[in-house]
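The values are calculated or read from the model by the stated rules, or taken from the named source; none is laboratory data. Note that the coordinates shown come from a computational prediction; the quantities given were computed from them, not determined experimentally. All Cβ positions, even for glycine, are placed from backbone atoms using ideal geometry, and neighbour counts span all protein chains on display.
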Amino acid sequence: MLAALPRFSQQVNRVLTWVVVALFLIWIVGNILSAPEQFISVLLLGISLGAIYALVALGYTLVYGIIELINFAHGDVFMLGTMVTITVANGWLGLDGSQAWYVTTPLVLVTLLAAMAFCGGLNVAVERVAYRPLRNAPKLAPLITAIGMSFLLQNVGAAIWGFNERPLTATGDSIFPADTLFSIGGVPYRAKSLIVVLITIPVLLALVYLVRNTKPGKAMRAVAQDMDASRMMGIDVDRTIAFTFALGGALAGAAGLLFVMFQTSTRFDLGFQLGLYAFTAAVLGGIGNLTGAALGALLIGLIQAFNEGLSWHTPGSDWTESIIFAILILVLVFRPQGLLGEATADRA
Amino acid sequence: MMERLGLGDAWSRVPARVRRGLLPLVVFLLLIFYPSYYGDITSAIGSSSTEAQLVPTVPTMVIMTVYVIMALGLNVVVGYAGLLDLGYVAFYAAGAYVAGWFATQQFSPHNVHILSVGVPSSIQGFHFNVWLLLIVACLFAAVFGIIIGLPTLRLRGDYLAIVTLGFGEMVPQAVNNGDNWFGHNITNGPNGLTPIDALGFGALHNEVSFFPSAYYNVTNAVSYYYWTGIALVVFTLFCCIRIRDSRLGRAWIAIREDEIAAAAMGVPLMRTKTWAYAIGAFFGGGAGCFYAIYKSSTFPGDFSLNISITVLAMVILGGMGNVWGVCMGGAVLSYLNYQGLEAVGNNVNNLAGTSFNVPQYTYGIFGFIIVLMMLLRPEGLIPGRRRRVELELGVEGGSLYDASA
């Protein structure tokens, strides 16, 4: 009796999908009509959020693609990235928004490299200490270890940077000038939004190139397909996995920098939840699929911004978490391969 | 060992059942009388010294019983059936809110009293008999578990984990926003539901004076809660052991070891897994209800992800699948969480002259324990014999938990 539940037929499934999409579109159009300016500003916010989520989601997707582990500690690596960014940019380099753009820009790039290197190295260390010894253990073992690692990293962050909200600068301002660059339909576009897009897109392109066209990328894809076979072909599997973790960590570091530049503050415990959102994005796009992760992240960012910023028939920020997890559950139950993933038998 | 004590043959002539039952019996008796000799222990150490803080107080013991029940319940899901559940706190919340709804003045224009004890009928709201509520809470949580389980249990290991985690995060948020569900105040939102009626035996007090008519009438109410908690733990233990050895329990272990083989042998996967969920949720709900009654309140803030992880850490620390190990894991970690870490920290600070705030890092320490256990002793402190063999040898032809079905 119990076994015969939600296996809906293809047709019912399709109809339901269209109903959901149609309702969503009606809701969007209703919001555009009721407050166009608000909609544009929320849209821009959503794109920035989506770009940050994309960088984190790619870390999940890379790691899951290669060793099938939900790396719960990834969100906390991201959080440490935000903290390192504050220390380097504000503490060491002294950026506080008073400098001119030609001073700020190169120093931000230096910070970006520092954050990426730090998070990449940290992620490799986590893999070496906590996951590699469990490579052949039952699958739940590394998953549970990852949860423990996540809590551990959170507390390390809190021990170093404190339990309170941590502003980017003493005044709480962004380190970029607050001037409007240009306006879209009366909505100002500021430098801190621009930098999110300016950093995310090249990083994404570089990643895609790396995975598709270089030798380490080829090794990654081979290990993801079949670990034993690639070992027989002479690929150093451990090194390739470490490289994947370094890559994922570096992306989380970049995301950490962008997050703190954009939101201008951080907290020791925000990594876990943001990590879960990013993981949802990766699942939504089809886990293991790079383009899918970016697309899913954009969607999640938009949904979050819409839900928190729009006003026409909107649940509001109290429900953001529930909505995103509901999306996660629905996707996993009805379309476990995600939007762009291929259907495989062993996914669900 | 007993030979060396000079008992020789006499001991081995005692039936095996009695021999095996002796240690649990002694522990049980020691626990029953704990409130009466707690004061003696602390005064022997010196009741105002920092060392005395290390001795668990009776209120801490009550909380320990709550967590032991939860750990035993989660053990059914994780330890027996091998399904990783990261949202166990949802069932705990369900149980607590059953107590909140049916033993407070939340729905105050209505005035329904059903066998309630110690509550004057002039007090408005739903007031059910609290013992009845414990059962209702268990059943409600079990039904809730089935509802959550039906769509999700088809997912394999790690996906199931993340979906349950999602539910575990959604439930507290839904409860937190529950002061306005389509205009109705169901859960009173972040302000929580309080006060909740106390336990009590009502008119039975006149027959047996040991049973208080309501717990707040006696000065040692905490001891009564503690004894109630012990009784619930014993009931849970009894159920867990009996179910483990039943047809259902053996089916769970078969699924844990190899899902495909179990299915091929005719074990109905979905039904068996759903039962695991329901029974795990059953005890989680009971623990939540009992804890809410003990605290006389329930708030959405009580149900964070940390609780799910803590209970999971208890199961892992003790030894997945072994009830005695899980009991010990639950008792040790909840003791550390509510009293031990602070006491140990105070003692260390006293000795070393530092001022390190240990309780702040509770969850970091738990995370460290989890990582260390998984790396060094994944079978837990007191593993089940069968479990250890599984972890050492693995299972023929693939990983343990997900047979990619």
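Please verify whether A:S183 is more than 25 Å from A:A250 (Cβ to Cβ), among the polar types (S, T, N, Q) and either within 14 Å of chain B (Cβ to nearest Cβ) or outside any helix (DSSP H, G or I) (or both), treating the condition exactly as stated. Yes; evaluated as a whole, the condition is true for this residue.
Yes/no per residue for (1) among the aliphatic types (A, V, I, L, M); (2) farther than 28 Å from B:H205 by Cβ:
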{"site": "B:F107", "(1), (2)": "no, yes"}
{"site": "B:I114", "(1), (2)": "yes, no"}
{"site": "B:V119", "(1), (2)": "yes, no"}
{"site": "B:Q124", "(1), (2)": "no, no"}
{"site": "B:F128", "(1), (2)": "no, no"}
{"site": "B:A137", "(1), (2)": "yes, no"}
{"site": "B:V143", "(1), (2)": "yes, yes"}
{"site": "B:R154", "(1), (2)": "no, yes"}
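Among the residues of the range B:187-204, some residue qualifies, meaning at least one is under 30 Å from B:L25 (Cβ atoms) and either part of a helix (DSSP H, G or I) or among the β-branched types (V, I, T) (or both).
Within the range A:262-302, the set of residues being at pLDDT 90 or above, more than 13 Å from the chain's Cα centre (by Cα) and surrounded by 22 or more Cβ atoms within 10 Å (Cβ to Cβ) comprises A:T266, A:F268. Per the conditions (1) over 25 Å from B:A90 (Cα atoms); (2) at pLDDT below 90; (3) not acidic (D, E), the sole criterion not satisfied by A:L251 is (2). For A:A130, the stated conditions hold: it is within 14 Å of chain B (Cβ to nearest Cβ) and free of Cβ contacts under 8 Å to residues at least 60 places away in the same chain.
The residues in the range A:67-82 that are buried (at least 24 other Cβ atoms within 10 Å of the Cβ), hydrophobic (A, V, I, L, M, F, W, C) and not in a loop (DSSP other than H, G, I, E, B) can be counted, and the count is 4.
Looking at the range A:313-331, is at least one residue assigned to a loop (DSSP other than H, G, I, E, B), modelled with pLDDT of 85 or more, within 13 Å of chain B (Cβ to nearest Cβ) and over 15 Å from the mean Cα position of the chain (by Cα)? No, the range A:313-331 contains no residue that is assigned to a loop (DSSP other than H, G, I, E, B), modelled with pLDDT of 85 or more, within 13 Å of chain B (Cβ to nearest Cβ) and over 15 Å from the mean Cα position of the chain (by Cα).
Among the residues of the range B:153-169, the one identified as surrounded by fewer than 21 Cβ atoms within 10 Å (Cβ to Cβ) and either in a helix (DSSP H, G or I) or not charged (D, E, K, R) (or both) is B:D158. In this entry, B:N177 passes the filter for residues that are within 13 Å of chain A (Cβ to nearest Cβ) and of a type in the set (S, T, N, Q). Looking across the range B:265-277 at every residue that is without any contact (Cβ under 8 Å) to a residue 40 or more places away in the chain and touching a helix residue (DSSP H, G or I) at 6+ places or on another chain (Cβ under 8 Å), the one that is nearest to the other protein chains (Cβ to nearest Cβ) is identified as B:R271. From the list B:G280, B:G285, the one residue that fits, being closer than 20 Å to B:P151 by Cα and away from every other protein chain (no Cβ under 14 Å), is B:G280. Here A:A89 meets the list (1) surrounded by fewer than 24 Cβ atoms within 10 Å (Cβ to Cβ); (2) at pLDDT below 95; (3) over 24 Å from B:Y159 (Cβ atoms) almost entirely, failing just condition (1). Checked against the criterion of being in a helix (DSSP H, G or I), within 12 Å of chain A (Cβ to nearest Cβ) and at negative phi, the range B:338-354 has no qualifying residue.
For the range A:133-162, the candidate set comprises residues that are outside any helix (DSSP H, G or I) and farther than 24 Å from A:R239 by Cβ; within that set, the residue that is farthest from the other protein chains (Cβ to nearest Cβ) is A:G162. Within the range A:186-201, one or more residues are away from every other protein chain (no Cβ under 12 Å), surrounded by fewer than 14 Cβ atoms within 10 Å (Cβ to Cβ) and not in a helix (DSSP H, G or I). Taking the criterion of being of a type in the set (S, T, N, Q) and either surrounded by 21 or more Cβ atoms within 10 Å (Cβ to Cβ) or within 7 Å of chain A (Cβ to nearest Cβ) (or both), the only residue of the range B:180-193 that qualifies is B:T187.
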